[in-house]
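This report refers to the structure that appears directly beneath it.
The values are calculated or read from the model by the stated rules, or taken from the named source; none is laboratory data. For clarity, every value in this text was computed on a predicted model and none was experimentally measured. Cβ coordinates were reconstructed from backbone atoms using ideal geometry, including for glycine residues, and neighbour counts include every protein chain displayed. Surface areas here come from the heavy atoms of the whole protein model, side chains and all, with no ligands, DNA or RNA. Shrake-Rupley method; radii C 1.70, N 1.55, O 1.52, S 1.80 Å.
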Amino acid sequence: MMLPGDLRLRMLAGFGALVLIAPLSRQGPAAAALAAVLALFAVQRQPLPWRRLWHLEAFLVLLLVTLPFTLPGTPLLRIGPLVASHEGLERAGVVAAKVAASVLLVTLVFAATEPERVGTALRALRLPEPLVRIFLGVVRYLALIRAEMQRLQDAMRMRSFRPGSNRHTWRSYGHLLGMMLLRAMQRADRVEEAMRMRGYAGRFLAETPARPAGRDWLAGLLLLVGAAALLAWDMA
């Protein structure tokens, strides 16, 4: 099984599969969902996002440590007045598998995809034009805003600023955020003027994507059927 090559169908099938994976409540279907997503990575020949998984695992470890002590059930471990239940540990494992599978599936849907293609696909799916413009604008200027923030922070360090838990630190960070807001507004005004001078009339020019191939429809259908089968297994 592979993901559709057409980005529109890949987004629809991927998010449809996420909706079907979310209600899973048993270990078997949740583990099967995670295994299926890992198999998709192998079939698509995409590298696993290890760095993103490490950030995710920090949350999942906290979940595995705390959730068993919050659900009643068969005692598994006792630490003073706290009792960990077998049902809580099982629920934590289910949630961890679903979260990992969902994050990996979203990563795979947008793997090696340029933001411009995502904007074109969103427009082809009849999403409101203002939302598409906001998405493309954020993607285009996020790197510039990050670089400007880094430049201002470097300037603060050059002036011997050392952050701490005091009034001076919070005042300095407030000034930093205010400067970022002012610079962002000034840049937005310049960009708007440049776009109007180039004939911008409220809509980005983009080519109309070709019609999806039959194999793309089949791949999207198979992904949804597989996710629906997991949900049916979970409810059986």
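In table form, for the structure just shown:
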item	result
Matching residues in the range 113-166 - criterion: being of a type in the set (S, T, N, Q) and in contact (Cβ under 8 Å) with a residue 40 or more places away in the chain	THR113, THR120
Qualifying residue in the range 210-217 (condition: surrounded by 14 or more Cβ atoms within 10 Å (Cβ to Cβ), at pLDDT 85 or above and aromatic (Phe, Trp, Tyr))	yes
Options LEU182, LEU231, LEU223; residue that is part of a helix (DSSP H, G or I), open to solvent by 90 Å² or more (accessible area, probe 1.4 Å) and aliphatic (A, V, I, L, M)	LEU182
Failed condition for GLY73, given (1) more than 16 Å from the chain's Cα centre (by Cα); (2) open to solvent by 70 Å² or more (accessible area, probe 1.4 Å)	(2)
Checklist (1) open to solvent by less than 40 Å² (accessible area, probe 1.4 Å); (2) part of a helix (DSSP H, G or I); (3) within 21 Å of MET180 (Cβ to Cβ) applied to ALA147, failing item	(1)
Residues of the range 153-172 satisfying the condition of being under 30 Å from PRO115 (Cβ atoms) and over 28 Å from the mean Cα position of the chain (by Cα)	ASP154, ALA155
Members of the range 72-116 found to be charged (D, E, K, R) and modelled with pLDDT of 80 or more, listed by number	GLU87, GLU90, ARG91, LYS98
Cβ-Cβ under 8 Å pairs, at least 6 apart or on other chains, the range 25-50 side touching a residue at least 12 places away in the same chain (Cβ under 8 Å), far side outside any helix (DSSP H, G or I) and open to solvent by less than 60 Å² (accessible area, probe 1.4 Å)	ALA30/LEU24; ALA33/LEU24; LEU38/LEU48; LEU40/LEU3; PHE41/LEU48; GLN44/LEU3; GLN44/ALA111; GLN46/ALA111
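A quick yes/no check of all residues on (1) in contact with a His (Cβ under 8 Å, 6 or more places away or on another chain); (2) in a loop (DSSP other than H, G, I, E, B); (3) exposed (fewer than 15 other Cβ atoms within 10 Å of the Cβ); (4) at positive phi:
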| residue | (1), (2), (3), (4) |
| --- | --- |
| ALA84 | no, no, no, no |
| GLY93 | no, no, no, no |
| VAL99 | no, no, no, no |
| LEU108 | no, no, no, no |
| ALA121 | no, no, no, no |
| ARG126 | no, yes, yes, yes |
| LEU131 | no, no, yes, no |
| LEU136 | no, no, no, no |
| VAL139 | no, no, yes, no |
